[in-house]
Each structure stands twice: as structure tokens, then as C-alpha cells.
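A.B. asks: A single structure is presented below for examination.
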Amino acid sequence: MTTNPFRYGALALDDAFTDREAEIDELLSDIVNGQDVVVFAPRRYGKSSLVWRVTQEAVARGVLVAHVNLMTTPTKEKLAEKLAGTIHDDLATTLFRARERLRVFSGLRITPIVTVDPNTGNLSFSFAAGQAPQDVDATLERLLELPGQLAAERERKVALVLDEFQEIVDIDPNLPKLMRSVFETQPEVAHVYLGSKRHMLERIFDDENEPFWRSAKQMQLGVIPPPLFRGYIDERFAGTGRAVEEGVVSRVLEATLGHPYATQQLCYFLWEETPEGGRAGEPEYEAALVKLLRSEHAHFGLVWEKAARAQRLVLGALAKEPGRPLVREYRHRHGLPGASTVQRALDALVKDELVARVDGEYRIAEPFLAEWLVRDEL
């Protein structure tokens, strides 16, 4: 049975990952050079997929890669547990024999509790609750130092990937200062920061009053140029015994503007509507779009419910006419409130990455939300 060649939602791995050659080369070179990098991009632009792909190539070149998702570490103790786990699994396991690996943690202020999974033999680390805050901080500081120390002692390059890095402020407002004081002494370690809340990352790295100000190279991820996506779509259909009309590919890319997630998502539904040996035409495209919007109805409904009244009015207007909502004629045409109210609504929508400003004009950035609004006539 032929499986759908398009993927969305999870990481785009292997053949599902497409057309980021320039970004792959750039980020791989940065990691090999020990350069700290923060990856900026709107949601669902493929940050995690890009970093996964690059780190696989880095590992093939002998770089050791440790990865921590700060979304899973709501406290400093949890962060220490995740750091200990990735240091053991991804660094010490490569560098030391089994009986020597735990010695890496011998200098910690708080000794971790090590648990062995009886089914897999994998180790997990935890720290008992109720420890003195200064002891937790000292333990965390030591764990942050270990990647650099191991890299220097073994003459290896290390990449420490910190996903959802904006969560660092919620874990502890003092953590950025602690991390920065450690990281600036680790030339052997490339620190790669990424996250899903762009405005928070920008504050961390662009505010001169923050410890991480100008501490990392900034890498902006944009959409994938539609011409590059066109060949990918044709190849994925052809490789699974189907074809797609050129005009339909154009409609797909006009709808998604090269947004990685949205293009994969729409093509997934389009492929499902195309019979084996058949060709995707206008009827298949329309059926695919209807089913996609149906699948997103709950999500878009929640977005709509959470939006304030002025934000709803602005979204409805932009769905019909991207442009300049602050201009009096535009506001009059769409029944919008005063300019100051519209400005506040736009600021909130941009912050939530529902709306984007491009060349002075605003448009709905959330894929397919505009189509959903127009079809549902909200």
C-alpha cells in the first residue's frame, strides 16, 4: 500500500524535509565553528526539523550533540534532571566506558538519584525535592559547565541545543545571567537557541539590558520560495504513482506562499483526494481544501473565541482585503473602529503571530485562517 509522501505536524525527517540547503550549510558551519546561534522564525516554519537535520550531519562529522527542550523543564530541578540525562546519554556515553560515565557527575553539589529502566537498561536522573536554592543553583551551574569541560578534555566539538529557550525566564528570572556567565567561557561549545515565541526571544537577545544581548548570531528562517517547492510537490506525487496539474500546484503555492507546514498540510489532503494512477485537478484541490478547513475548525474556532472584539473585526477585514487597516478609507470600508483601537488590535495579533506586516501592509499569517473566515462568513 502506497503511503502519503507529505507530512505535517511532526518533524519533517529525511525525504519529507525539503529545500533548506543554504540554511543547512550555514547552521552546520556555525556548529562546527563553535558559533552560538539563535534561530528566529514564526511558528511552524520548520525550526526543529532544520536543527534535527543539521545535528544529524554534525554528529556524522564527529560533533557531540546534547539537546534539552525547556518546555519540559518548568523548574530548575527539572532542568537539572534533563541536563544530566542528555549529558550522560549524548556526551558521556560516547566518551567513556559504561562504568566511568557516572563519574562525570561526581562534583555536583547535589547527588542525583539514578534510576535504571529494567526493560531497556536506560538511566534517568532526578533530584530530591526540598533542596536549598543555593545548592540547586550550584548543581545547575556545574551541569552547564560539563559540556564545555568534556569538549576541552577530549578535544571534541559539542553542540548544546536549547529548544523553547524563551521558557528560561519563566523557570527563573535569574537563569539567563547564570547561563550566560557559563556559556561565554565555552569556546568549544556551540549553543543553539530556538523557540516558538519570537517576541520573547527578541527581547532576550536584542535588549541591551539582558545578559544574552548580542551573544549569538541571529539566523532568520523565512518561507521556502514557491519555485523550489514546485519541483518537490511534482516529485512526491510522481514517486507515488500520481500526478498533479501545474495549475493546481500554482493554487497550492498561492494559498500557502511557501509556508513549510501549510504546504505539506495542503498537499497531504490533495494527495489523499487523488486516486492511484490519477491526476490531481481542480475538483481534487477543492475537496482537499474543504477537508483541511474542517480539520482545522476546532483550532480556528478557539482562536476566534479568544480574540477580543476589535481583533475579530480586524481579522475579518484582513481576510477579505490584506492592506493598511489604519488608513481611514480602509477602516470605513470594513466598519472598523478608530485608528488607536485598530492599532492595539494589530499589535496583539502580530504578537500572537496571527497577523504579519510585510512592506507596510498587514495580512493574516496563520495558514488558512483567512480562507476559513471568508468561507464561514464570521
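The values are calculated or read from the model by the stated rules, or taken from the named source; none is laboratory data. Please read these numbers as outputs of a predicted model, since none were measured by experiment. Ideal geometry is used to build each Cβ from the backbone, glycine not excepted, and the neighbour counts take in all protein chains shown.
A.B. asks: Only one of these conditions is not met by Asp90: (1) touching a residue at least 40 places away in the same chain (Cβ under 8 Å); (2) crowded, with 17+ Cβ neighbours inside 10 Å; (3) among the charged types (D, E, K, R). Which number is it?
C.D. replies: (1)
A.B. asks: For a quick check of your reading of the model, give me the residue pairs whose first member lies in the range 320-347 and is loosely packed, with under 15 Cβ neighbours inside 10 Å and of a type outside the set (S, T, N, Q), whose second is modelled with pLDDT of 95 or more and part of a loop (DSSP other than H, G, I, E, B), with beta-carbon atoms closer than 6 Å and at least 6 apart or on different chains.
C.D. replies: Ala339/Leu326
A.B. asks: So, one more: If I filter the range 214-242 down to residues being under 17 Å from the mean Cα position of the chain (by Cα) and in a loop (DSSP other than H, G, I, E, B), which single residue comes out as surrounded by the most Cβ atoms within 10 Å (Cβ to Cβ)?
C.D. replies: Ile224
A.B. asks: Right, another one. Closer than 22 Å to Thr263 by Cβ, part of a helix (DSSP H, G or I), aromatic (Phe, Trp, Tyr) and touching a helix residue (DSSP H, G or I) at 6+ places or on another chain (Cβ under 9 Å) - does that describe any residue in the range 327-340?
C.D. replies: Checked against the condition, which is being closer than 22 Å to Thr263 by Cβ, part of a helix (DSSP H, G or I), aromatic (Phe, Trp, Tyr) and touching a helix residue (DSSP H, G or I) at 6+ places or on another chain (Cβ under 9 Å), the range 327-340 yields no hits at all.
A.B. asks: How many residues does the range 272-314 hold that are part of a helix (DSSP H, G or I), acidic (Asp, Glu) and surrounded by fewer than 17 Cβ atoms within 10 Å (Cβ to Cβ)?
C.D. replies: Residues that pass the stated criteria total 4.
A.B. asks: Taking the stated definitions as given, is Tyr285 without any contact (Cβ under 8 Å) to a residue 40 or more places away in the chain and touching a strand residue (DSSP E or B) at 6+ places or on another chain (Cβ under 7 Å)?
C.D. replies: Here the answer is no, as Tyr285 does not meet what is asked.
A.B. asks: Counting only residues that are at pLDDT 90 or above and at positive phi, how many does the range 89-125 have?
C.D. replies: 0
A.B. asks: Does any residue in the range 145-164 that is over 11 Å from Val63 (Cβ atoms) come within less than 7 Å, Cβ to Cβ, of a residue that is acidic (Asp, Glu) and surrounded by 15 or more Cβ atoms within 10 Å (Cβ to Cβ) six or more places away or on a different chain, and which pairs are these?
C.D. replies: Cβ pairs passing all conditions: Gly148/Glu188; Ala152/Glu188.
A.B. asks: Identify all residues within the range 43-72 that are touching a residue at least 40 places away in the same chain (Cβ under 8 Å), more than 17 Å from the chain's Cα centre (by Cα) and farther than 16 Å from Asp89 by Cα; write none if there are none.
C.D. replies: Ala58
A.B. asks: Select from the range 42-67 the residues that are at positive phi and surrounded by fewer than 21 Cβ atoms within 10 Å (Cβ to Cβ) and write down the one among them that is modelled with the lowest pLDDT.
C.D. replies: The extreme case among them is Arg44.
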